[in-house]
Structure formats: C-alpha cells, structure tokens
Amino acid sequence: MSLIVQKFGGTSVGDAERIKNVASRIARSCADGNSILVVLSAMSGETDRLLSLAKSIVSDPRGRETDVLLSTGEQVSIALLSMALEELGVPAVSFTGSQVKILTDNIYNKARIEDIDSTRLRATLDDGKVAVVAGFQGVDAEGNITTLGRGGSDTTAVALAAALEADECQIYTDVDGVYTTDPRIVPEARRLSQVTYEEMLEMASLGAKVLQIRAVEFASKYKVKLRVLSSFCDGIGTLITTEENIMEEALISGVTLNRNEAQVMMVGVPDRPGVASSILGPVADANIEVDMIVQNSAADGATDFTFTVSRDDYDLTLKILNEIAETLSAREVRGDRNIVKLSIVGVGMRSHAGIASRMFKALSKENINILMISTSEIKISIVVDQKYSELGVRVLHSEFGLSEASGVK
Ligand code: ADP
Ligand code: ASP
Ligand code: MG
C-alpha cells in the first residue's frame with residue numbers, strides 16, 4: 001500500500017462543488033488501494049479576504065493576531081472536505097496545524113517548520129481513515145498559532161510527506177503542471193514533464209508561484225518525489241526530480257516574473273568598511289529578506305547602496321533606512337515599488353556561454369531598460385520597470401524558443 005500526500009490549492013476547493021469533486025478524486029485514490037493524507041489551502045480568495053478585513057482595522061497587519069485570523073481559512077476547508085468524504089463513505093478526520101503538532105519557530109507570518117509529530121496522523125492512516133490537514137499553519141513552542149507565508153500549504157504538504165516518508169507528494173492546482181513560464185502571461189508556454197529540484201528552486205524563488213520555495217527546499221533536502229498536477233483534469237503533470245534522472249537538458253527551462261519586488265536605495269553614504277552591514281543589519285533584525293544588492297562607488301568617496309525587498313516589506317524597510325540614515329551620514333533614502341524582477345533559469349546555462357548577452361540584446365530591441373542584474377550558475381535575473389512585466393516575459397520566452405517543440409524535455 002502506497003502512502004500519498006495530496007495537496008489541493010485554493011481554486012481546487014473554491015466552492016462546495018469543487019470540494020465534492022476533490023472528495024471524489026480522493027475516494028478514487030483510496031479505492032486504488034492507497035493510503036491518503038490530504039493537505040488543504042483555504043478556499044480561493046479567503047486568505048485575501050481575511051487580510052483585507054484586517055487592513056480595515058490596522059494599516060499593516062502583522063504578528064500574532066494576523067496569524068490567528070489567517071489560519072481560520074484552512075480550518076473551514078478541512079472541515080468541509082472531511083464532511084464531503086464522509087458523505088462518500090470514506091472515513092476522514094480533519095486536523096489543524098496545532099492538533100497535528102506542526103511545530104514552527106515563533107516568527108509570525110513567515111514561520112518555519114522545525115518538527116512534525118506524526119503520531120496522530122499515523123494512527124489515523126493505520127485506522128484506514130483519510131487524514132485531512134490544514135496547510136499553511138503551525139504552532140510555536142509556546143502554543144501560539146503561526147502561519148508559513150503565502151502559498152505555505154505547499155510546504156506543509158512536502159514537510160508531511162518527508163516526515164511520514166510518503167511514496168509521493170502530489171500538488172493539485174489549477175494548471176496541469178509546471179510550465180516554461182506562467183501560462184496566464186504566455187498562452188504558448190509549454191508544460192515541462194520533468195524539472196530538476198535546483199531549477200524548480202530558482203523558479204519558485206524568482207516568482208513562479210506554482211510552488212512555494214520552502215516546499216521545494218524540503219523536497220530537495222529529503223528527496224521527496226514531488227509532482228504538480230491539475231485537480232480539474234487527468235494527466236501526468238510535472239515531476240520534480242534530480243538532474244541525473246533527466247535525459248535531455250534544455251538550455252533554458254523557464255522564464256519567471258516576480259511582481260512582489262520593491263527597490264530601496266541609500267544614496268551618498270561615506271564609503272568605508274562596515275557600511276553594508278550597518279545598513280543590512282537592522283533590516284535583517286526586522287526579519288526582512290533582502291534580495292538583489294548593488295553598491296556603486298562614486299569618485300567623491302561616497303557610495304550608493306541599492307537593494308530589493310518584497311513589496312510587503314517596502315514601507316517597513318524605508319522606515320528603517322530613514323531611521324539609520326542620519327547616523328550613517330547618508331545624503332538621501334529613496335525607493336521605488338513599481339519594479340519587477342524577470343529571470344531566466346536553466347541547468348543548461350552551466351555549459352553555455354553568451355546567454356546573458358542574448359538576454360540583454362533581446363530586451364534592448366524592445367527598449368526595455370535594465371535597472372539591476374544578478375546572476376548565479378543557473379539563472380540570470382534583472383530588475384525592470386513594472387510596465388515591461390508581460391512584454392519582458394514574452395520577449396525572453398520567445399528569444400529562447402521555449403514554446404517550440406525543439407526544446408522539449
Ligand atoms: P494554488 O492555489 O493551487 O496553490 P497558485 O495560484 O498558488 O495555486 O499557483 C498556481 C498558479 O501559478 C497558476 O495558476 C499559474 O498562473 C501560476 N504560475 C506562475 N508561474 C508558473 C509556471 N511556470 N508554471 C505553472 N504555473 C505558474
Ligand atoms: N491560504 C494561504 C494563501 O493563500 C496558503 C496557501 O494557499 O498555500 O497563501
Ligand atoms: Mg499556491
């Protein structure tokens with residue numbers, strides 16, 4: 001008997017009809033002789049609705065009470081799906097994160113899973129029942145409810161698959177796999193039948209929201225067999241696997257767009273050792289993740305220090321920089337929240353030169369100005385004005401022939 005973790009995202013459980021469809025799908029998997037552990041997201045739009053409710057009371061909802069509020073979305077869907085399963089004659093038991101005991105650190109709104117107590121889940125599965133677990137939530141050592149960051153149900157699913165040594169972790173969503181780019185931006189985008197953990201990690205961290213980045217990190221670390229599939233149609237989806245298992249490597253596997261980016265800049269800081277850490281230290285202390293960093297030195301001995309953060313952290317980052325600007329004798333603090341990050345990703349980049357120049361040339365032909373650049377072995381990212389978002393994705397997708405059958409993996 002195989003143990004399969006099946007995670008269904010918000011759209012898949014968007015209304016009562018869809019919840020019943022998901023229940024039928026799970027019932028079929030049980031009838032095939034599998035033991036099924038389900039992880040659910042909140043019904044689509046629910047987490048946003050709860051957040052905007054909080055915003056009607058406080059301008060920047062964060063912290064403990066935000067997590068108490070946001071975690072309710074998933075509690076609704078697990079109860080409804082368990083009822084739908086019972087209706088089909090499939091015994092099911094729902095569990096919140098704290099009922100399972102998905103232990104996290106105490107960083108509200110972006111907590112990290114530290115440990116999972118699988119005792120109750122195992123007992124439920126051994127009893128021949130389906131365990132239905134609320135995604136996106138956990139509990140800290142003091143018993144406070146925490147959430148794992150937007151898209152966090154993917155991470156719950158993979159972490160549970162690792163903890164219970166499941167045979168496969170299936171992520172059911174509203175697209176039938178991982179595509180060369182977001183199929184909502186480029187309809188000609190192609191489904192990848194396989195992609196490496198490393199590429200998927202880059203794609204997730206660069207904006208392909210089909211999988212949360214921490215989910216891919218867990219899958220790669222614990223070698224969880226991870227597959228992305230559609231809950232609306234049958235198919236084999238996309239398998240996320242190791243590089244050795246992939247027969248033919250494409251030069252570029254995907255193009256990503258991250259709209260959740262903002263740029264901040266400390267202008268005219270005296271150029272002396274320790275400047276970078278004096279700027280980034282207080283930012284890190286506020287649990288803000290910094291992405292791209294550029295430092296330019298001018299002839300007058302001053303330096304401009306620019307970096308990007310997620311758009312949700314923009315106001316807080318500007319506030320922190322303004323607070324430290326005077327002590328650092330900086331001339332000015334500036335910011336721009338209307339920027340996006342475009343990236344190309346592919347393990348094939350390791351063995352091919354000239355990809356960056358091809359990328360920059362294609363963008364310049366469309367008069368797209370590049371504001372920042374960063375590269376790693378398997379990706380090149382640039383920051384551009386957000387008005388070029390879709391155009392930029394289409395230009396890069398076409399430049400690297402991603403819709404053509406020639407590059408099929
Ligand atoms: P769920 O609610 O099921 O977790 P998400 O909305 O989080 O679903 O993720 C699925 C969405 O990710 C798709 O609808 C698609 O628009 C988007 N997406 C972005 N990039 C990609 C990609 N490269 N491949 C597939 N989907 C992508
Ligand atoms: N409901 C949460 C969100 O909307 C978690 C998830 O769907 O994965 O971000
Ligand atoms: Mg998601």
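FYI, it's all coordinate maths here, none of it is from the lab. Because the structure is a prediction, the values reported are computed rather than measured. With ideal geometry, Cβ positions are generated from the backbone for all residues, glycine too; neighbour counts draw on all protein chains shown.
Numbers below:
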quantity: Simple Cβ-charge dipole of the chain, Lys/Arg +1 and Asp/Glu -1, about Cα centre, in debye nearest 20; calculated: 540 debye
quantity: Stretch gain in nm, segment ARG28-CYS233, where the contour uses 0.36 nm per residue and the Cα spacing is subtracted; calculated: 72.4 nm
quantity: Per residue, the convex hull volume that the Cα atoms of the stretch 32-87 enclose (Å³); calculated: 97 Å³
quantity: Ellipsoid equivalent to the stretch 1-52 - semi-axes via the Cα gyration tensor, in Å; calculated: 26, 12, 5
quantity: Relative contact order %, the stretch 66-210, counting alpha carbon pairs below 8 Å whose residues are six or more apart; calculated: 20 percent
quantity: Projected area, mean over directions - the stretch 63-152, Cα convex hull, nm²; calculated: 5.5 nm²
quantity: DSSP-defined antiparallel bridges as percent of all bridges, the chain, nearest 5; calculated: 60 percent
quantity: Square roots of 5 times each gyration tensor eigenvalue, C-alpha, the chain, largest first, Å; calculated: 38, 27, 18
quantity: Reachable lysines from LYS319, criterion Cα separation under 24 angstrom, eight or more residues apart if same chain; calculated: LYS55, LYS110, LYS341
quantity: Choice from GLU17, GLU261, GLU74 with maximal GNM fluctuation in the chain (Cα, 10 Å cutoff); calculated: GLU17
quantity: Convex hull projection area averaged over all views, the stretch 197-313, Cα basis, nm²; calculated: 10.8 nm²
quantity: Descending semi-axes in Å of the stretch 268-392, equivalent ellipsoid built from Cα gyration tensor; calculated: 29, 16, 15
quantity: Mean separation of Cα contacts under 8 Å, 6 or more apart, over the residue count of the stretch 1-129: relative contact order %; calculated: 24 percent
quantity: Histogram of C-alpha separations across the stretch 327-407, 5 Å bin width, %; calculated: 3, 12, 24, 22, 15, 9, 6, 4, 3, 1, 1, 0
quantity: Residue (of LEU40, ASN287, GLN194) at the positive-pole extreme of the chain, dipole from beta-carbon charges; calculated: GLN194
quantity: Qualifying chymotrypsin sites (Phe, Trp or Tyr not before Pro) for the stretch 254-354 [loop in DSSP, other Cβ within 10 Å: at most 16]; calculated: none
quantity: Under 12 Å from LYS379, Cα to Cα: aspartates and glutamates that are on another chain or at least 8 residues apart; calculated: GLU198, GLU199, GLU202
quantity: Helix axis angle, 46-55 relative to the chain longest principal axis, alpha carbon, degrees; calculated: 50 degrees
quantity: Partners for LYS101 among aspartates and glutamates (Cα-Cα distance below 13 Å; same-chain residues under 8 apart left out); calculated: GLU114, ASP115, ASP117, ASP140, GLU142
quantity: Rel. contact order, % - alpha carbon contacts under 8 angstrom, at least six apart, the stretch 264-409; calculated: 23 percent
quantity: Overall Cα dimensions of the stretch 127-279 - principal axes, largest extent first, Å; calculated: 65, 48, 30
